[in-house]
Amino acid sequence: GENVEQHPSTLSVQEGDSAVIKCTYSDSASNYFPWYKQELGKGPQLIIDIRSNVGEKKDQRIAVTLNKTAKHFSLHITETQPEDSAVYFCAARESSGGSYIPTFGRGTSLIVHP
Amino acid sequence: DSGVTQTPKHLITATGQRVTLRCSPRSGDLSVYWYQQSLDQGLQFLIQYYNGEERAKGNILERFSAQQFPDLHSELNLSSLELGDSALYFCASSVVGERDEQYFGPGTRLTVT
């Protein structure tokens, strides 16, 4: 089965700095890579995703890059703000039998200091 | 707000008891997924239903069961509860198709004492 490793487990930055979270996956058949943000007391919220036919995708201050050869993908947050503080999860998924079940990383706790 | 609703928000019960968690998917979504989130295990997939039928099974214990009803809401039943079952339980829904992002509900926090 798929195995997703996520680093770092904790990331502390100053407001305005950039933050980068990295994930690696094991199954070369994986073709969909979503990122979720989970704030305290809430459910994971999909913030951006990328599919294997794309190398990079941006949405305002958030970008995700994918290297299929190396089997890793990263989340980049620029100009961080205190409200970016949350736990971020990466996931990898293949479309197999229509089940669409992602495997999640263990999460990164991002702390943005004002 | 993702459009996925879950009840109850919090649940406190004793070991050996049985509880039922409820989930209503986003309007138009046919598929429901259940996840367990604990500090030491992260986000673990339990089971998926699509239009009333079980579609995929993950690390779901035999003491746990689920179903999806004709109106597409789903229930997760947890029985013979143990202390280790204390966790957050999330429901997610998706269309299941080319655009198949999963959207999570706010979760149910289960505490077994």
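Some points to look at:
- Within the stretch B:40-70, restricting attention to residues that are at positive phi and not in a strand (DSSP E or B), the residue that is surrounded by the most Cβ atoms within 10 Å (Cβ to Cβ) is B:GLY52.
- Among the residues of the stretch B:1-23, those identified as facing another protein chain (nearest Cβ under 10 Å) and part of a loop (DSSP other than H, G, I, E, B) are B:ASP1, B:SER2, B:VAL4, B:LYS9.
- For the stretch B:72-113, a residue qualifies if it is within 14 Å of chain A (Cβ to nearest Cβ) and small (Gly, Ala, Ser), and the qualifying residues are B:ALA87, B:ALA92, B:SER93, B:SER94, B:GLY97, B:GLY105, B:GLY107.
- The residues listed here are A:LEU40, A:LEU46, A:LEU11, A:LEU66; of these, the one that is in contact (Cβ under 8 Å) with a residue 60 or more places away in the chain and among the aliphatic types (A, V, I, L, M) is A:LEU11.
- The set of residues from the stretch A:23-41 being at pLDDT 90 or above, within 11 Å of chain B (Cβ to nearest Cβ) and not in a strand (DSSP E or B) comprises just one member, A:GLU39.
- Within the stretch A:2-22, being of a type in the set (S, T, N, Q), part of a strand (DSSP E or B) and within 12 Å of chain B (Cβ to nearest Cβ) holds for one residue alone: A:GLN6.
- When the criteria are applied in full, B:LEU83 fails the requirement of being surrounded by 14 or more Cβ atoms within 10 Å (Cβ to Cβ) and in contact (Cβ under 8 Å) with a residue 24 or more places away in the chain.
- Among residues of the stretch A:71-114, those that are part of a loop (DSSP other than H, G, I, E, B), more than 13 Å from chain B (Cβ to nearest Cβ) and over 16 Å from the mean Cα position of the chain (by Cα), counted: 3
- Hey, A:VAL64 part of a strand (DSSP E or B) and in contact with a Phe, Trp or Tyr (Cβ under 8 Å, 6 or more places away or on another chain) or not: yes
- Only a single item in (1) part of a strand (DSSP E or B); (2) in contact (Cβ under 8 Å) with a residue 60 or more places away in the chain; (3) of a type outside the set (A, V, I, L, M) is not met by B:ARG26, and it is number (1).
The values are calculated or read from the model by the stated rules, or taken from the named source; none is laboratory data. Small disclaimer: the values here were computed from a predicted structure and weren't measured. So basically every Cβ, Gly included, is an ideal-geometry build from the backbone, and we count neighbours across all protein chains shown.
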